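Read the structure below first, then the notes.
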Amino acid sequence: MPGGPAEFEPDEWVEVVGTHVPPQVDPAVGYPEPTIDAASVVAVEAPVEPYE
């Protein structure tokens, strides 16, 4: 999330509630990336089986 909250640690799990918006082209990579207009972002516990 560009410009998102900086209070989260690397590899910390978060829950994002928001609305999907049309992809935006990231000038650094040159192709569209998925974008969410976040209403809230909160830290959550990692799931027991994160890749299930």
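Computed from the coordinates by the stated procedures, all read-outs in this text should not be read as laboratory data. Just so we're clear, the structure is a prediction, and the values are computed from it rather than from any experiment. Neighbour counts are summed over all protein chains in view; Cβ atoms, including those assigned to glycine, are modelled from backbone coordinates with ideal geometry.
Projecting the Cα atoms of Pro34, Phe8, Tyr51 onto the charge dipole of the chain (Cβ charges, centred on the Cα centre) puts Pro34 farthest toward the positive pole.
Going through [x] 10.4, 31; [y] 13.2, 36; [z] 10.5, 27, the figure that equals Rg and Dmax of the Cα atoms in Å as computed for the structure here is [y]. Couplings for the stretch 29-34, taken from phi via the Karplus curve 6.51 cos²θ - 1.76 cosθ + 1.60 with θ = phi - 60°, read 10, x, 9, x, 10, x Hz in order; Gly and Pro are left as x.
The mean sequence separation of alpha-carbon pairs under 8 Å and at least six residues apart, normalised by the residue count of the chain, gives a relative contact order of 39 percent. Taking amide H positions as modeled 1.01 Å from N, with prolines and chain starts lacking one, the residues under 5 Å from Val14 and 5 or more places away or on another chain are Val44. Computed from backbone phi with θ = phi - 60° and the Karplus coefficients 6.51, -1.76 and 1.60, the 3J(HN,Hα) list for the stretch 37-46 is 8, 6, 8, 7, 9, 9, 6, 9, 5, 5 Hz; x is used for glycine and proline.
About its Cα centre, the chain has a charge dipole of approximately 320 debye under the convention of +1 per Lys or Arg Cβ and -1 per Asp or Glu Cβ, with nothing else charged.
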